[in-house]
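Here the structure is laid out as structure tokens; the discussion comes afterwards.
Every number in this text was worked out from the coordinates using simple rules, so none of it is lab data. None of the values given here were measured: they were computed from a predicted structure. Don't worry about glycine lacking a Cβ; one is built from the backbone with ideal geometry, like all the others, and counts go over all protein chains shown.
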Amino acid sequence: MADARAKARALLIPGNRASTPSSSDKQLTRADFLHMNPTKYHFNRVILIEEDDIDIFVTEKTLSTVNFAKHVEVMNADVAYIRLRNGKDLPDFIFLGLHSRFKSGFDFLDELQFLPREVRTIKVVLLSVSPFVSDEEKAWKYEQVVGYFQKPIKVDALQSLYGTQILTDHD
């Protein structure tokens, strides 16, 4: 798993995109990605933690375009924390808005560290509008972070996740 995280980071961190993939790396075209078994969802459940209505709309639309998850639930960080603490219907992924009016994504990630192990291992994709490299560097220090993308998230960003072992393990 650590090897997969290193691969994902190498693909996703700016400046590392020029690395040459090995012949064993699975390379998908955008068309392949968009047409991957359109009747099958890749994951069962995703929680989207976001407060901005436009960001919610765009993220949900992008996730549905690629059949990312059968269920996409939108909630704020406090509701999500309570839900995760209860341990029922845990998501495969959390898409987390990094900056919000009430609680930052970093605060939420810090709180996750006190929850049971099965919650701490849920993969988190951070969505940000921050222009600061320091935010991205800080984000990668959290074990559960598997992606860091600028809002609005695009199909190509999801495609870069699918090109890594992190997601192909679950298909």
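Tabulated data for the structure shown
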{"read-out": "Spin-label model distance (nm) - Ser64 vs Ser134, 7 Å beyond Cα toward Cβ", "value": "3.9"}
{"read-out": "Integer Hz, Karplus 6.51/-1.76/1.60 couplings in order for region 111-117, x for Gly and Pro", "value": "5, 4, 5, 9, 8, x, 3"}
{"read-out": "Of Lys40/Lys88; Lys70/Lys138; Lys103/Lys154; Lys103/Lys123; Lys103/Lys141; Lys88/Lys154, pairs whose Cα-Cα distance is over 21 Å", "value": "Lys40/Lys88; Lys70/Lys138; Lys103/Lys154; Lys88/Lys154"}
{"read-out": "Label-to-label distance, nm, for residues given as Phe114 and Met75 (7 Å Cα→Cβ offset)", "value": "1.7"}
